[in-house]
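Below you'll find the structure, written out as structure tokens, and then a few comments.
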Amino acid sequence: MGAVMAKSTRARATGHSAAGQWAGGGHGRRSPGLTRFAGGLLILLSLALAAGSYVVFTQWLPYDGARYQDYRAALPCRVQPHRPRQECLSTWHLTVVEAVTKHNGEGNTYRATLRRRHSWRGEVYFGGSEPLFDRLKAGDRVTATAWRGQIMVLGKDGVRQNTSDVPHEGLQVDAAVGTFAGLLAAEAFAFGAVRLLRPRSPLFAWRPYGARTLSAIFTGCAVVGLLAVATGAPWWAVPPAVTVVAALALAALLRRARRRVPAPGA
């Protein structure tokens, strides 16, 4: 009988302990001073993330969008004689000095060194080895299409390949990055404010709330960003879609976490 009562007592204690971790994630064991310090750091982090999100939406995204549209509208300089040469597509005849593939831990880097007579020498990078880079060798004569002083396309014997400087339309990725920074800033500010103002409060504990919120934000940004690029959805649809997906993912994660917590006295 005594053994049964002891086992029941241990079970209740375990249940209360798990419930306490759900509510506070061990937050209450820290000293108030250390908790407030962590809250201040989180608020500073949130301000930095908010500034980053602001830069993405007000500087980075408009610049990439305008650059992409300008490049699409550019025509060869011979049909736009009155337009500044930086704004039209000029043709350069170059010689390959070397084409090097550099292997590193994150992948391969494809670099071609080019020269124009004896007056210019430069390097261009490619996102892959096909269809032209693998064919390049020292001494080859190539034709380059330049725009705003940068080589956009390299060609040889009818085979052409874009360089890494070509503007891409991937504004959806920019919007996903900006949204990720903004939502992360909101999370860091909320968690930091609670720790700063109420250091002993179990509200917004890292386990499970913080970790699962971060997972939901990352999942929402990754899924929506990739789908937007694949389907060609407009970039301005990304932020609200990310918010909805992240909210649904967070609700699912928290619901699953609640099921795992044993009820007190069970």
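Read-outs throughout are calculated quantities, based only on the coordinates presented, and are distinct from any laboratory measurement. Remember, it's a predicted structure, so these values are computed and weren't measured experimentally. Here the Cβ is made from the backbone with ideal geometry for all residues, glycine too, and neighbour counts use every protein chain on show.
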remark   = Extension length gain for ALA251 and ARG207 (0.36 nm per residue less Cα distance), in nm, is 14.4 nm
query = Hey, what did the stretch 87-149 get for relative contact order, percent, Cα under 8 Å, at least 6 apart?
reply = 45
key: Percent breakdown of C-alpha pair distances by 5 Å bin, ordered from the shortest bin, for the stretch 165-216   = 4, 17, 21, 17, 12, 9, 7, 5, 4, 2, 1
task = Quick one: check the C-alpha center-to-center distance for the stretch 184-244 versus the stretch 123-165, whole angstrom.
result = 41
task = Multiply the residue gap between GLU169 and LEU75 by 0.36 nm, knock off their C-alpha separation, and tell me the result in nm, one decimal place.
result = 32.0 nm
task = Over every pair of different alpha-carbon atoms in the stretch 133-192, take the mean of 1/r and invert it; report that Kirkwood radius in Å.
result = 15.0
ask   = Modelled label-to-label distance, ALA66 and ALA230, 7 Å Cα→beta-carbon offset: nm?
value = 3.3
remark   = Computed from the beta carbon distance with a Förster radius of 45 Å, FRET efficiency for HIS82 and ALA186 to the nearest 0.05 stands at 0.35
ask   = What are the trypsin sites (Lys or Arg not before Pro) within the stretch 33-127 that DSSP puts in a loop, where the Cβ has at most 12 other Cβ atoms within 10 Å?
value = ARG117
note = Taking a ≥ b ≥ c as the square roots of the Cα gyration tensor eigenvalues, with a/c under 1.5 meaning rounded and otherwise prolate when a/b beats b/c or oblate if not, the stretch 41-160 comes out oblate
request  = With a cut-off of at most 16 other beta carbons within 10 Å, and DSSP calling the residue loop, which chymotrypsin sites (Phe, Trp or Tyr not before Pro) in the stretch 34-101 qualify? Please list them.
outcome  = none
note = Heads up, the stretch 82-228 by the C-alpha gyration tensor (a ≥ b ≥ c square roots of eigenvalues; a/c under 1.5 rounded, else a/b over b/c prolate, else oblate) looks prolate
remark   = Gyration tensor on Cα atoms of the stretch 28-106, a ≥ b ≥ c root eigenvalues, a/c under 1.5 rounded, else prolate if a/b beats b/c, else oblate, says oblate
request  = Multiply the residue gap between GLU98 and TYR54 by 0.36 nm, knock off their C-alpha separation, and tell me the result in nm, one decimal place.
outcome  = 11.7 nm
